[in-house]
Amino acid sequence: MQEIAKKSFYWLVWGVSLFQTTVTEAAINLWGDKVQDWMKWSTDSVDQSVQFLITAALAFLYLIAVVYWLWGGFNILTAGWDEEKVKKWKTIIIHAIVWLIVIWLVGSVIQWVVQQLLQTT
């Protein structure tokens, strides 16, 4: 079963990379410096697009951590005072809280780095 999952993952990565290469080659005008109009998703500048992608990625990570935290809390409530289960779910909740803090710190560092890069240009 692991071998099938491993091969499926490799095929998926290969397919995505092939698609990405095709889309990138189609988007670049080799005789100019502009992206073709039909490939543009928005009129934002590159720095605005990068900031949007970073913000979206961090929001997704926040969502995952909060769902993980809520899942741990729900399972503690339904553990039936079984000491082993309660200990396991407390660990899950602590991990979720630590990841929320890590995501917040990483977001702050990334925001600072992006601001420093934008000020120099």
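The values are calculated or read from the model by the stated rules, or taken from the named source; none is laboratory data. Given the structure is predicted, the values throughout are model-derived calculations rather than measurements. No Cβ is skipped: glycine too gets one built from the backbone with ideal geometry, and neighbour counts run over all protein chains shown.
Scanning region 71-111 for residues that are among the aromatic types (Phe, Trp, Tyr) and out of contact with any helix residue (DSSP H, G or I) (no Cβ under 6 Å at 6 or more places or on another chain), which turns out farthest from Asp47 (Cα to Cα)? Full working, then the answer.
Going through region 71-111, the residues among the aromatic types (Phe, Trp, Tyr) turn out to be 71, 74, 81, 89, 99, 104.
In the following step, the residues that additionally are out of contact with any helix residue (DSSP H, G or I) (no Cβ under 6 Å at 6 or more places or on another chain) were identified as 71, 74, 81, 104.
Values: Trp71: 36, Phe74: 40, Trp81: 51, Trp104: 21 Å.
Per the criteria, the residue is Trp81.
Look through region 71-88, keep the residues that are small (Gly, Ala, Ser) and modelled with pLDDT under 90, and return whichever of them is surrounded by the fewest Cβ atoms within 10 Å (Cβ to Cβ).
Gly80
Confirm whether Ala96 is among the aliphatic types (A, V, I, L, M), touching a Gly at 6+ places or on another chain (Cβ under 8 Å) and surrounded by 14 or more Cβ atoms within 10 Å (Cβ to Cβ). Walk me through it before giving the result.
Values: among the aliphatic types (A, V, I, L, M): yes; touching a Gly at 6+ places or on another chain (Cβ under 8 Å): yes; surrounded by 14 or more Cβ atoms within 10 Å (Cβ to Cβ): yes.
Yes.
Would you pick out the residues in region 50-106 that are polar (S, T, N, Q) and either touching a residue at least 40 places away in the same chain (Cβ under 8 Å) or farther than 30 Å from Leu117 by Cβ (or both)?
To start, the set of residues in region 50-106 that are polar (S, T, N, Q) comprises 51, 55, 75, 78, 91.
Hits for region 50-106 are Gln51, Asn75, Thr78, Thr91.
State whether the residues of region 36-56 include one that is touching a Phe, Trp or Tyr at 6+ places or on another chain (Cβ under 6 Å), of a type in the set (Gly, Ala, Ser), modelled with pLDDT of 70 or more and assigned to a helix (DSSP H, G or I). Walk me through how you get there before you give the answer.
Filtering region 36-56 for residues touching a Phe, Trp or Tyr at 6+ places or on another chain (Cβ under 6 Å) gives none.
Taking every residue of region 36-56 in turn, none turns out to be touching a Phe, Trp or Tyr at 6+ places or on another chain (Cβ under 6 Å), of a type in the set (Gly, Ala, Ser), modelled with pLDDT of 70 or more and assigned to a helix (DSSP H, G or I).
Within region 66-121, which residues are in a loop (DSSP other than H, G, I, E, B) and either of a type outside the set (Phe, Trp, Tyr) or in contact with a Pro (Cβ under 8 Å, 6 or more places away or on another chain) (or both)? Before you say what the answer is, go through the steps one by one.
Step one: of region 66-121, the residues in a loop (DSSP other than H, G, I, E, B) are 78-82, 121.
Within region 66-121, Thr78, Ala79, Gly80, Asp82, Thr121 meet the criteria.
Among the listed residues Thr21, Thr91, which satisfies the condition of being modelled with pLDDT of 80 or more, on the phi < 0 side of the Ramachandran plot and of a type in the set (S, T, N, Q)? I'd like the intermediate steps shown before the answer.
Working: Thr21 fails: modelled with pLDDT of 80 or more.
The conditions single out Thr91.
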